[in-house]
């Protein structure tokens, strides 16, 4: 009979670098100043079983706040799958936004963990790369045009928005150092969720949903413009983004879906009256914060994720029509791109980001995907340029020293 697992949480002090703790193969989920890093594997489970298995772990917790005790991490695929894997690391370092830090160890009762190993010296960066889109730019532009024609011809109950993605495969002459990539992503995208779970890494600007006891938050994003390289140009591009009827329509579709989905669970829920412009390294997005208070009994973070995913920001609207259009026309399996990545604890708290600005990285191969929301008035050439900007951000993180 397998000995039961015990999670022991204690406070820690000092300078805690979460990317350094996670290393090349560990788990990372960080948006400064808070986040998590994990090493080793105490338990592998699935999204369908994670809550029950966390609840079965004995807990000794001197910190007692969301994210202490045992924590499971997962990167869910775009197409929902109850068997999607989650992992509970043996060691979990956590840091709250107020600076509180802790270490949780998870092991069988009466056993000791092995040494907390560290990565060897950084490997040399790739010197040669081959970047190959799986389908041509012309093919993708034709697909966008086909989608706009379908939406223009649809009635009021027909397809209103569909998110179309492009896939690029990068082959290098040296293995990619995932820890080095994560450091570059964190430096380049300081306001984003930097993450790594089982070879899937990225820096997402978009909060899908977070639950902290009764408090619930989401920040849907839709509508993107490039950045111009100086504050004046960025401000002008941001003003144009806010004034664009096409992008405001695309953004409102996502806000409405998130609000309407969360409302039945809430005693209070509201969202900002006007979107803000959130800038990241190379692009800027329309974003709207949605906040509320959950009624009792409160749903777990996984229930909220299941209800919201996929949002119109990565799928389209109406949800079923958009998913069917993508499956029929896009021509590849998105995998974990456009899914949700994050964590949950044994009390149902957690945070999940939308899995964008991301790549699957294994050895010398990286698979990158970027997508755009398409509405009836979208221009194929402009949409292609936007995907190129999004892909370039990940390419830079893969290859720069």
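The values are calculated or read from the model by the stated rules, or taken from the named source; none is laboratory data. Note that the structure is a prediction, hence the values are computed from the model and not measured. Note that each Cβ is placed from the backbone with ideal geometry, even for glycine, and that neighbours are counted across all protein chains shown.
Data overview
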{"quantity": "Test: residue in segment 296-316 that is surrounded by fewer than 23 Cβ atoms within 10 Å (Cβ to Cβ), in a strand (DSSP E or B) and in contact with a helix residue (DSSP H, G or I) (Cβ under 8 Å, 6 or more places away or on another chain)", "calculated": "no"}
{"quantity": "Residue check for residue 342: touching a helix residue (DSSP H, G or I) at 6+ places or on another chain (Cβ under 8 Å), crowded, with 23+ Cβ neighbours inside 10 Å, at pLDDT below 95 and assigned to a strand (DSSP E or B)", "calculated": "no"}
{"quantity": "Residue check, residue 202 closer than 30 Å to residue 24 by Cβ, in contact with a strand residue (DSSP E or B) (Cβ under 8 Å, 6 or more places away or on another chain) and in a loop (DSSP other than H, G, I, E, B)", "calculated": "no"}
{"quantity": "The listed residue being farther than 30 Å from residue 25 by Cα, at pLDDT below 95 and out of contact with any strand residue (DSSP E or B) (no Cβ under 9 Å at 6 or more places or on another chain), out of 232, 225", "calculated": "232"}
{"quantity": "Unique match (being assigned to a strand (DSSP E or B), over 20 Å from residue 218 (Cβ atoms) and at pLDDT below 95) among 370, 376", "calculated": "370"}
{"quantity": "Count of residues meeting criterion [outside any strand (DSSP E or B) and more than 30 Å from residue 172 (Cα to Cα)] in segment 345-367", "calculated": "4"}
{"quantity": "Single condition residue 240 does not satisfy, out of (1) under 18 Å from residue 35 (Cα atoms); (2) at pLDDT below 95", "calculated": "(1)"}
{"quantity": "Search result, residues across segment 266-295 that are out of contact with any strand residue (DSSP E or B) (no Cβ under 6 Å at 6 or more places or on another chain) and in a strand (DSSP E or B)", "calculated": "270, 279"}
{"quantity": "Test: residue in segment 330-338 that is farther than 25 Å from residue 27 by Cβ and either in a helix (DSSP H, G or I) or touching a helix residue (DSSP H, G or I) at 6+ places or on another chain (Cβ under 9 Å) (or both)", "calculated": "yes"}
{"quantity": "Considering residues of segment 243-267 that are under 20 Å from residue 163 (Cα atoms), in contact with a helix residue (DSSP H, G or I) (Cβ under 9 Å, 6 or more places away or on another chain) and touching a residue at least 40 places away in the same chain (Cβ under 8 Å) only, the residue surrounded by the most Cβ atoms within 10 Å (Cβ to Cβ)", "calculated": "258"}
{"quantity": "Count - residues of segment 133-191 that are free of Cβ contacts under 8 Å to residues at least 40 places away in the same chain, over 20 Å from the mean Cα position of the chain (by Cα) and not in a loop (DSSP other than H, G, I, E, B)", "calculated": "5"}
{"quantity": "Residue match in segment 205-213 (condition: over 19 Å from residue 73 (Cα atoms) and in contact with a strand residue (DSSP E or B) (Cβ under 6 Å, 6 or more places away or on another chain))", "calculated": "no"}
{"quantity": "Flag for residue 263 being closer than 21 Å to residue 307 by Cα, in contact with a strand residue (DSSP E or B) (Cβ under 7 Å, 6 or more places away or on another chain) and part of a helix (DSSP H, G or I)", "calculated": "yes"}
{"quantity": "Condition check for residue 270: surrounded by fewer than 20 Cβ atoms within 10 Å (Cβ to Cβ), under 20 Å from residue 315 (Cβ atoms) and at pLDDT 85 or above", "calculated": "no"}
